[in-house]
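J.: First the structure, then my questions, so here it is.
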There are 2 protein chains.
Amino acid sequence: MTDGLLDVVGIGNALVDVLSHAEEDFLVKEDLVKGSMTLIEADRAESLYGAMGPGVEMSGGSAGNTMAGLASLGSKGGYVGKVRDDQLGRVFAHDLKAMGLEFTTKMEAEDGEPTGRCLILVTPDAERTMNTYLGAATMLTPDDIDEDQIARAKVTYMEGYLWDREGAKEAFRKAARVAHDAGQKVSLSLSDSFCVDRWRDEFLDLAEHQVDILFANEDEIKSLYQVDDFDQALQHVRGHCEVAALTRSEKGAVIVSGDEVHIVDADTAGRVVDTTGAGDLFASGFLHGFTQGMDLHRSGQIGALAAAEIISHFGARPETVLSKLVMES
Amino acid sequence: MTDGLLDVVGIGNALVDVLSHAEEDFLVKEDLVKGSMTLIEADRAESLYGAMGPGVEMSGGSAGNTMAGLASLGSKGGYVGKVRDDQLGRVFAHDLKAMGLEFTTKMEAEDGEPTGRCLILVTPDAERTMNTYLGAATMLTPDDIDEDQIARAKVTYMEGYLWDREGAKEAFRKAARVAHDAGQKVSLSLSDSFCVDRWRDEFLDLAEHQVDILFANEDEIKSLYQVDDFDQALQHVRGHCEVAALTRSEKGAVIVSGDEVHIVDADTAGRVVDTTGAGDLFASGFLHGFTQGMDLHRSGQIGALAAAEIISHFGARPETVLSKLVMES
């Protein structure tokens with residue numbers, strides 16, 4: 001199925017996650033900053049993988065996880081991102097299509113860079129530390145943007161992680177233009193405070209001029225506006241984006257839109273096993289509610305529900321049919 | 001490390017598992033027998049994978065799982081099995097080595113059959129139904145048996161699944177001969193009642209003449225001796241093997257050795273999420289106890305403990321350090 005209206009198209013770094021349990025001292029030994037995402041090259045990926053414990057492989061990528069969450073919630077969606085036509089690339093493609101998502105981005109040929117992967121170390125405190133070898137994911141260009149697909153989607157969503165290579169930036173700018181020309185919305189997740197540090201001016205420009213719905217956690221939004229206080233950051237962003245969904249881990253989330261401010265409690269009932277994908281799945285839930293025409297508060301609640309499911313188990317793709325959880329909530 | 005004494009060397013079909021949740025009606029539609037293992041060819045693997053939901057990939061293979069369990073229990077071990085030098089093959093090799101296991105079997109070249117995989121459908125009742133595309137795993141020959149490695153191991157353990165191709169049978173016969181010549185033990189798991197049906201005479205011959213420690217579940221041992229009654233089967237096997245460890249799911253296990261019979265309760269305290277690997281991990285625990293010189297009853301208890309851990313989560317490799325569980329038990 002490659003026609004009909006879509007709720008969300010996600011654009012991101014297409015990655016296969018390699019998840020492994022690790023002790024704190026492993027992070028120290030490997031000089032890793034807990035909770036962060038670090039880009040690594042092929043040789044470092046090789047040596048770090050060699051040092052890691054046994055792993056579990058599953059499709060990942062921030063926007064990919066968000067789209068998987070949306071599909072599990074019953075939304076219609078598409079994904080844009082580059083893999084190679086190799087075993088892991090075929091796994092990535094299968095997992096999207098198996099959830100009913102459109103995925104038509106041309107795969108890189110077998111002699112190119114391999115499908116990217118994210119080495120994720122989960123410490124006993126359930127925190128995840130990510131090391132990403134982008135591989136084929138870096139090959140995204142504006143040619144990979146299907147204008148018709150973008151125009152069909154209520155929201156075009158991009159992960160901030162992608163904002164690195166010029167080709168990907170151009171792809172996003174093109175998608176944003178097409179979306180707005182079609183009267184649709186553009187959404188961005190700031191992804192990581194290191195990303196924000198690196199591209200602050202460009203992210204500020206995006207927030208002011210391109211992004212209708214912004215996702216950020218507390219660190220990211222404070223970093224974006226270079227303020228120490230969450231409320232100050234909130235006052236800044238309300239003037240820039242139509243909607244901002246700001247997550248604060250166990251403190252829940254704040255949704256702000258013009259004069260409206262909604263406080264959404266975190267769903268803290270369950271056990272926290274692995275925080276990988278919490279932000280991605282909050283975005284799934286929020287965008288699901290938003291594109292179904294629910295109010296901002298309810299959309300935030302569905303975000304919190306989806307985030308709670310994902311942190312209750314190992315891995316960043318839902319293990320439960322999220323639409324059932326929503327019905328029961 | 002490729003020297004020093006080993007507790008167990010496992011020989012098996014080297015496979016990467018692709019685990020996916022499935023509803024009962026999917027099994028019906030795909031004409032699958034719940035709880036069984038079916039060998040499939042490449043084209044069927046392709047079409048079944050295409051029909052399956054999103055998956056999680058992790059190293060598997062029955063003897064591979066058993067060795068991972070042994071490593072997690074603190075035993076020293078090695079593994080023999082064939083993968084191709086492809087992405088999934090490298091994942092398989094990494095996961096064994098990351099647990100400290102010896103794995104020196106030569107990988108097949110990139111132009112051979114790809115690394116084998118087992119498509120595992122887990123139904124809501126936690127039962128697993130397996131469809132195995134053997135791929136490179138079929139390439140095992142006696143040349144892959146390192147005589148020195150076998151001679152260094154207290155037990156050489158083989159999965160019954162492997163008893164199919166002539167090369168693998170020859171490899172096992174060679175390993176058994178080397179082990180016995182070195183004064184070590186030979187162990188076999190019957191793996192699946194379909195395997196027993198297919199190779200009953202050869203398995204009977206093995207049980208009588210080659211195997212010191214036999215693992216079987218109730219269906220398999222009854223099928224081996226073509227009897228309807230578990231106790232009859234038990235009387236047969238005590239005359240053939242030095243030790244037989246017979247598992248009976250939630251009814252626990254019976255360990256029989258000559259005149260000794262030990263009843264071991266199943267560890268039924270926890271939630272059952274996915275039964276994949278239950279038999280494999282029972283073998284881990286039993287062989288760990290056995291090679292550490294524990295008595296048969298205690299060895300069986302460790303088997304039950306390891307099996308209980310594996311069925312409490314998705315996937316057939318331990319998520320917990322099993323040696324800690326044993327210490328706490």
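Just so it is clear, none of the values below were taken in a lab; they were calculated from the coordinates. Just so it is clear, the model here is predicted, and its values are computed rather than measured. For neighbour counting, all protein chains shown are included, and Cβ atoms are generated from backbone atoms with ideal geometry for every residue, glycine included.
J.: Rounded, prolate or oblate: pick one for chain A, where a ≥ b ≥ c are the square roots of the eigenvalues of its C-alpha gyration tensor, a/c under 1.5 means rounded, and failing that, prolate if a/b is larger than b/c, else oblate.
T.: Since a/c stays below 1.5, the shape of chain A is classed as rounded.
J.: I'd like the Karplus ³J(HN,Hα) series for region B:24-35: coefficients 6.51, -1.76, 1.60, θ = phi - 60°, whole numbers in Hz, and an x wherever there's a Gly or Pro.
T.: 4, 5, 5, 4, 4, 4, 8, 6, 9, 8, 4, x
J.: Moving on. Please tell me the relative contact order of region A:140-209 in percent, rounded to the nearest whole number, where contacts are Cα pairs under 8 Å and at least six residues apart.
T.: Once divided by the residue count of region A:140-209, the mean separation gives 37 percent.
J.: Averaging the inverse of every distinct alpha carbon separation and then flipping it gives the Kirkwood radius. What is it for the protein assembly as shown, in angstrom units?
T.: Result for the protein assembly as shown stands at 25.9 Å.
J.: Please report, ordered by residue number, every helix of chain B (full DSSP H runs) that is 18 Å or longer along its axis going by C-alpha atoms and whose mean Kyte-Doolittle hydropathy reaches 0.5.
T.: For chain B, where a helix must reach 18 Å along its axis and average at least 0.5, the hits are B:278-291, B:296-311.
J.: Would you compute, for the Cα atoms of region B:170-328, the largest minus smallest coordinate along each principal axis and list the three values in descending order, in whole Å?
T.: 38, 37, 31
J.: So what does log10 I(q)/I(0) come out to for region B:259-314 at q = 0.14, 0.23, 0.24 Å⁻¹, using the Debye formula with one equal point on every Cα and no solvent?
T.: Calculated log10 I(q)/I(0) at the listed q: -0.35, -0.80, -0.85.
J.: Another question, if that's okay. Considering Cα pairs under 8 angstrom that are at least six residues apart, work out the relative contact order of region B:37-145 and quote it in whole percent.
T.: In percent, rounded to a whole number, it is 32.
J.: Let me ask something additional. Starting with the highest mean, order B:22-30, A:52-60 by the number of other Cβ atoms within 10 Å, averaged over the residues of each peptide. The partial results should precede the final answer.
T.: On the way: B:22-30: 14.1, A:52-60: 23.8.
With the highest mean Cβ count within 10 Å placed first, the list reads A:52-60, B:22-30.
J.: So what is the relative contact order of region A:1-64, in percent, for Cα pairs below 8 Å that sit 6 or more residues apart?
T.: Taking the mean separation of contacting Cα pairs over the length of region A:1-64, I get 63 percent.
J.: Let me ask you something else. Going by Cα centres, region A:87-147 and region B:271-305 are how many Å apart?
T.: Their Cα centres are 38 Å away from one another.
J.: Using the eigenvalues of the Cα gyration tensor, what equivalent ellipsoid semi-axes result for region B:184-267 when each is taken as the square root of five times the eigenvalue, whole Å, largest first?
T.: Ellipsoid semi-axes (Å, largest first): 18, 15, 11.
J.: Indicate the gyration tensor shape class of region A:124-249 (rounded, prolate or oblate), computed on the Cα atoms with a ≥ b ≥ c the square roots of the eigenvalues: a/c under 1.5 is rounded; otherwise a/b larger than b/c is prolate and the rest oblate.
T.: It is oblate, given that a/c is not under 1.5 and a/b is not larger than b/c.
J.: For peptide B:84-95, what's the mean number of Cβ atoms from other chains within 10 Å of each residue's Cβ? Mind showing how you got there, number by number?
T.: Numbers: counts 1, 0, 3, 12, 5, 1, 3, 9, 0, 0, 8, 7.
Shielding by partners across B:84-95 averages 4.
J.: Quick one: the Cα spread of region B:1-140 along its three principal axes, in angstroms, biggest first?
T.: The principal-axis extents, from largest down, are 51, 36, 20 Å.
J.: Taking each residue in B:19-27, count the Cβ atoms of any other chain within 10 Å of its Cβ, then average. What number comes out? Working shown, then result.
T.: On the way: counts 2, 3, 3, 0, 0, 0, 0, 0, 0.
For this peptide, the per-residue mean of nearby foreign Cβ atoms is 1.
J.: Then there is this: Taking amide H positions as placed 1.01 Å from N in the peptide plane, with prolines and chain starts having none, which residues 5 or more places from residue A:186, or on another chain, fall under 5 Å of its amide H?
T.: Placed amide hydrogens put A:156, A:212, A:213 under 5 Å from residue A:186.
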